[in-house]
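Student: Here you go, one structure.
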Amino acid sequence: MNSHYPVQGPTPEGLSLTGVSKTYGDKTVLRAIDLDVRPGELVSLLGPSGCGKSTALKIIGGFERADAGRVTIGNTDVTQLPARSRGTGIVFQQYSLFPHITAAQNIEFGLKVQRMARPERRSRVEELLALVGLEEHGAKYPHQLSGGQQQRIALARALAVAPRVLLLDEPLSALDALVRERLREEIVRIHRERGTTTIMVTHDQEEALAMADRVAVMNEGRIAQFDTPQAIYRSPEPGFVAGFIGVMNRVTPRFITSTEVRLFGSTVPRASVTVTADGAVLMRPEDLELTSQIDGGGLVTDITLRGGLTSATVMLADLEHSVRVDLPTSRATALRTGDRVRVTLARPMESSTRVLATEGGVHA
């Protein structure tokens, strides 16, 4: 996904956090983090519970004050400004619509506070109802809308005031899987059309990788890696990120030199695989392939259907390693537990210029 530019709405502005720290009592939640968001980007703060991502969002919005550091939106230092003066809009996990007024009135609320003229308010509300695909639902009250529809109205309400930065706080986590996927696509579409600089907090890896222009992976109050979704997945930073993002197999090869690695009975260039500091090789499940072979070097011990993919757990011949192999389900219909197979690399893996450390939960 590339950076987006607005079809309508304000000219996007960048956002910067510089040395931002936050402590609650004896617990340090943010440790001097730096983050530079480009104008019009959708950036996701991703990480496990307690990593500091929600606190960072609250500090950007002015709902919490940093103990140290600076928050800048565009060319404005907003560190000491109250939330109402920062020009941000926020969408919460639980919608937070006013229950006693209609969907259209919810969208209109911030425009009234801004003292916008009534005809212009009505025009803006109609435009936003169309943007979120709810033109026919403006007269309904929140309790008459589904969860997905309520979240769309909450998004429209946040966009109504033309925020300099839009903040999304776990906006999809309260929805069921099908609605969540559809609304995820809607948010990306709306972002493309409006171009508003957007920060989204989520603990859902798939959500972050699918939606964001760039992802900041957080751990223990720090940003462990900030890069494109493709780079985060294919070239994770050492330690935590390599273990946190997706599934990674870790196998110790038969032998390894400065130029070659003996892996699954074949010799491959060392530059084609990712090697840890202690000589193990890291591989994604989709980077592996299975071939049926009576005297193969592996035994299928488990098969799990994951929709379009089927995961096979294969115990290698040395009985010291098991690996997960992800195959298209259409190609795995004949696979059975107990099958003898040969594991190979599906394709040369991307060359890595880093030697990865082994801490951080990298698993087979």
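None of the figures in this text is laboratory data; all of them are computed from the coordinates on show. Keep in mind the model is a prediction, meaning the values are calculated, not measured.
Student: Can you tell me the 0 to 90 degree angle between the C-alpha axis of helix 118-131 and the longest principal axis of the chain, rounded to 10?
Tutor: 20 degrees
Student: Just to confirm my numbers, what's the Cα centroid distance between the range 269-286 and the range 96-175 in Å?
Tutor: 49 Å
Student: Angle between the Cα long axis of helix 147-160 and the longest principal axis of the chain, 0 to 90 degrees, nearest 10?
Tutor: 60 degrees
Student: Right, next: When DSSP assigns beta bridges and you keep just the ones with both residues in the range 15-243, what percent turn out antiparallel, to the nearest 5?
Tutor: On the way: 19 of 37 bridges.
Looking only at bridges with both residues in the range 15-243, the antiparallel portion is about 50 percent.
Student: Still on this structure: Please work out how much length the chain gains when fully extended from VAL247 to ARG182, using 0.36 nm per residue of separation minus the C-alpha to C-alpha distance, in nm with one decimal.
Tutor: The span from VAL247 to ARG182 would gain 20.9 nm if fully extended.
Student: Which value at 222 nm does the chain reach when only helices count, each DSSP H run of 4 or more adding -39,500 (n - 2.57), with the total divided by all residues and rounded to the nearest 500 deg cm²/dmol?
Tutor: Calculated from helices alone, the mean residue ellipticity at 222 nm is -7000 deg cm²/dmol.
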